[in-house]
Amino acid sequence: MVKFSIVLGTRPEIIKLSSIIRFLEENDEDYFIVHSGQHYSYSLDKVFFDELELPFAKYNLEVGSGSHAVMTSKIMVGLEKIFLDEKPDFVIVQGDTNTVLAAALTASKLHIPVVHVEAGLRSYDRSMPEEINRIVADHVSSFLFPPTVESKNILLKENISEDKIFVVGNTIVDAVLQNIVIADKKVDVKNSILKKLDVNDYFLLTMHRPSNVDFKNNIINVFEGLKKVYEEFNIPFVFPIHPRTKNNIEKFNIKIPEFVKVIDPVGFLEFLQLEKNARMIFTDSGGIQEEACILKVPCVTLRFNTERPETIAVGSNVLAGNNPDKIFESAKLMFNKNNNWINPFGKGDSGERIINILKEKN
Ligand code: UD1
Ligand code: UDP
């Protein structure tokens, strides 16, 4: 029997690997999960295992927060021992975090085939830690699963051999489609979070990229842009705040404007509902650009580049960076946007297709 190892460590990895884990579980496949412990707060970690009813990790390396080198090296040391003991046939990673980098390096050095889910994304901005992580992961992987033909072409241009590449869509579509119905049954943000905030119409805001939140002036600029948007539309922002952002706002002593309603990070079911009911989404997240596109909610991305250019091409997203005027102009452009675009990320069967391809190739 084929033995799969799933390595994950952060909020988006848990969400985007959930359909693969569910498929392995339902089909009684031989697999185990390793959690690096990169994310550990309940609201960034356990809430997703609970809400998505995922089995807990067999191993948790509990590396916690730290510098890139500390996190990556600790994860590598922990994984090496597990891989040597367990001898998996495949190591599956998703995305571009330090957990992905560490797992891809460790497995490839042990000659265990690395499977990279969401391969071939490039922002062409090497100041982003994720860009380095995804390039390395792609180049040491034996099986690459880019979400679109565009991302496959990026891999081909980097001389990665075509026989390793399989376009399967993005597992975020699986996660959204599998959970949106459950979300509507299990949670009701209108009568909970939004009622408490006394908000009806709102824009949804998230921000956690170091390029924005590690610099005082960039946070101030974003709030300046959002103020212009608020003055134009008179619609407040709901802002589930990432701990990196919360810590930095406190450290920089920045006052969050009153029209920005801060809440703790929420579970995936609540977040899907918050997205679906928002007038528009403002974000610097990767996954949220995709979800906005899938859920047909216009998106303004608070970045100067994106590794999800498909969303721009279909018209669901625009880039505004952290420039106040650009944020305002982008908001005006997207506010009355016709949302008849077509989701370019697949039908929602990516997880199943990935496992079936791997079994066939073993
Ligand atoms: C990481 C990923 C990023 C991903 C994001 C998802 C890297 C380089 N970055 O960024 O690609 O988009 O996760 O959210 O891998 N913290 C907590 N509780 C936690 C985890 C972190 O309070 O459970 C705080 C700590 O102060 C920590 C800071 O958040 O120092 C940043 O955490 P870290 O994992 O280094 O990076 P993220 O910004 O979360
Ligand atoms: N998300 C969530 N609760 C929140 C904010 C985000 O469940 O309060 C989900 C969101 O639906 C998406 C993922 O977290 O699937 C995105 O994670 P994040 O923005 O942290 O990382 P990125 O996608 O940028 O790597």
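The values are calculated or read from the model by the stated rules, or taken from the named source; none is laboratory data. Computed from a predicted structure; not experimentally measured. Cβ atoms come from the backbone with ideal geometry, glycine included; neighbour counts cover every protein chain shown. Ligands, DNA and RNA are excluded from the accessible area calculation, which covers all protein heavy atoms including side chains. Shrake-Rupley method; radii C 1.70, N 1.55, O 1.52, S 1.80 Å.
Observations, loosely collected:
Per-residue answers, yes or no, for (1) at pLDDT 95 or above; (2) touching a Phe, Trp or Tyr at 6+ places or on another chain (Cβ under 6 Å); (3) surrounded by fewer than 22 Cβ atoms within 10 Å (Cβ to Cβ); (4) closer than 16 Å to GLU307 by Cα:
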| position | (1), (2), (3), (4) |
| --- | --- |
| VAL114 | yes, no, no, no |
| ASP125 | yes, no, yes, yes |
| ASN133 | yes, no, no, yes |
| SER141 | yes, no, no, no |
| GLU150 | yes, no, yes, yes |
| LEU177 | yes, no, yes, no |
| LYS185 | no, no, yes, no |
| SER192 | yes, no, yes, no |
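- Flag for ASN339 being assigned to a loop (DSSP other than H, G, I, E, B), touching a residue at least 40 places away in the same chain (Cβ under 8 Å) and within 16 Å of ligand 1 (Cβ to nearest atom): no
- Only one of the numbered conditions (1) surrounded by fewer than 17 Cβ atoms within 10 Å (Cβ to Cβ); (2) within 16 Å of ligand 1 (Cβ to nearest atom); (3) touching a residue at least 24 places away in the same chain (Cβ under 8 Å) is violated by VAL70, and that is (3).
- Number of the exception - ALA278 against (1) within 16 Å of ligand 2 (Cβ to nearest atom); (2) buried (at least 18 other Cβ atoms within 10 Å of the Cβ); (3) part of a helix (DSSP H, G or I): (3)
- Filtered residues of the range 228-256 (kept if open to solvent by 30 Å² or more (accessible area, probe 1.4 Å), in a helix (DSSP H, G or I) and without any contact (Cβ under 8 Å) to a residue 60 or more places away in the chain): TYR230, GLU231, ARG244, LYS246, ASN247, GLU250, LYS251
- Matching residues, the range 105-135, being more than 18 Å from the chain's Cα centre (by Cα) and not hydroxyl-bearing (Ser, Thr, Tyr): LEU105, ALA107, LYS109, LEU110, HIS111, ILE112, PRO113, VAL114, ARG126
- Residue list for the range 207-226, filter: within 16 Å of ligand 1 (Cβ to nearest atom) and either open to solvent by 10 Å² or more (accessible area, probe 1.4 Å) or outside any helix (DSSP H, G or I) (or both): MET207, HIS208, ARG209, PRO210, SER211, ASP214, PHE215, ASN218
- Count of the range 308-336 residues which are surrounded by fewer than 22 Cβ atoms within 10 Å (Cβ to Cβ) and assigned to a loop (DSSP other than H, G, I, E, B): 4
- Selection within the range 40-64 - in a loop (DSSP other than H, G, I, E, B) and open to solvent by less than 80 Å² (accessible area, probe 1.4 Å): SER41, ASP45, LEU52, LEU54, PRO55, ALA57, LEU61, VAL63, GLY64
- Only a single item in (1) more than 21 Å from the chain's Cα centre (by Cα); (2) buried (at least 19 other Cβ atoms within 10 Å of the Cβ); (3) among the β-branched types (Val, Ile, Thr) is not met by THR301, and it is number (1).
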